[in-house]
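Q: Take a look at this one; I'll ask things after.
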């Protein structure tokens with residue numbers, strides 16, 4: 001009786017599993033097919049950058065690199081991203097320590113306030129900062145206003161990454177260092193920072209990636225400048241060209257590379273440190 005029921009249920013189970021797999025494949029195809037087509041079109045010899053694919057070429061990449069407007073936008077993008085990364089990493093790491101370790105009243109409310117820019121639409125952040133800079137401070141929009149605006153948006157991501165690492169940090173290591181005579185600076189320099197360093201590095205890479213691709217806030221605060229996302233936007237308004245496909249492909253590749261590094265490099269650093277400690281033990285014992 002039970003065997004008959006199992007035989008009756010098994011086909012339905014396999015059918016449901018097959019339907020879920022097919023649905024998952026469709027969703028992933030729907031999400032990634034445009035990106036795959038974009039990459040393929042960047043190598044397409046067709047001068048219109050669309051179907052049909054008439055051949056394969058790297059000409060559009062050479063044309064993109066030789067375009068002075070793209071070169072200027074790339075320099076601006078990298079300069080802004082580097083400044084934003086430094087500011088977000090320093091401020092985010094410094095803010096994570098009191099958020100985790102200090103006995104702050106209303107800690108949950110403070111954490112929510114610090115991470116509020118993540119939950120706010122970029123449109124609201126851009127408009128509010130534009131009003132503040134031009135209407136209150138009477139500043140001229142420039143790359144520096146973009147740096148400030150992006151730092152406001154990016155810093156909470158660094159805070160979350162570093163704070164999550166600090167919450168799992170073993171405080172007994174610091175107490176052991178204090179028992180051995182280390183002062184507060186020495187404990188921070190030689191114990192805390194090396195152990196949370198991978199999290200800080202991951203937060204910095206996330207900050208750089210977010211700044212590299214940021215468009216909405218930058219559009220409101222850039223003034224007469226230009227970044228790669230804004231350049232692509234202005235070109236798309238007149239039609240998608242093969243150079244735009246090549247430039248977008250490079251941005252996708254850079255974002256994926258940096259994101260992968262944020263996951264891979266911290267683990268590699270931990271394995272290297274572990275290997276050094278293991279190799280140093282026999283010498284210490286001798």
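The values are calculated or read from the model by the stated rules, or taken from the named source; none is laboratory data. What you see is a predicted model, and the numbers here were worked out from it, not measured in a lab. FYI the Cβ positions are ideal-geometry reconstructions off the backbone, even for glycines, and counts take in every protein chain you see.
Q: Have a look at 205, 193, 228, 219 and point out the one that is in contact with a helix residue (DSSP H, G or I) (Cβ under 9 Å, 6 or more places away or on another chain) and within 13 Å of residue 147 (Cα to Cα).
A: Residue meeting the stated conditions: 219.
Q: Would a scan of the range 98-107 turn up a residue that is out of contact with any strand residue (DSSP E or B) (no Cβ under 8 Å at 6 or more places or on another chain), in a loop (DSSP other than H, G, I, E, B), closer than 21 Å to residue 199 by Cβ and modelled with pLDDT under 85?
A: yes
Q: Here's another thing I want to ask about it. Counting only residues that are under 20 Å from residue 67 (Cα atoms), give me the helices (runs of 4 or more DSSP H) lying completely in the range 196-286 with at least 3 of them.
A: Correct list: 228-236, 242-285.
Q: State which residue is farthest from residue 269 (Cα to Cα) when the search covers only the range 199-244 and only residues that are at pLDDT below 85 and surrounded by 22 or more Cβ atoms within 10 Å (Cβ to Cβ).
A: Ranking the candidates gives 242 first.
Q: Which of the residues spanning the range 163-195 are under 23 Å from residue 267 (Cα atoms), free of Cβ contacts under 8 Å to residues at least 24 places away in the same chain, part of a helix (DSSP H, G or I) and under 31 Å from the mean Cα position of the chain (by Cα)?
A: Those that are under 23 Å from residue 267 (Cα atoms), free of Cβ contacts under 8 Å to residues at least 24 places away in the same chain, part of a helix (DSSP H, G or I) and under 31 Å from the mean Cα position of the chain (by Cα): 173, 174, 187, 188, 189, 190, 191, 192, 193.
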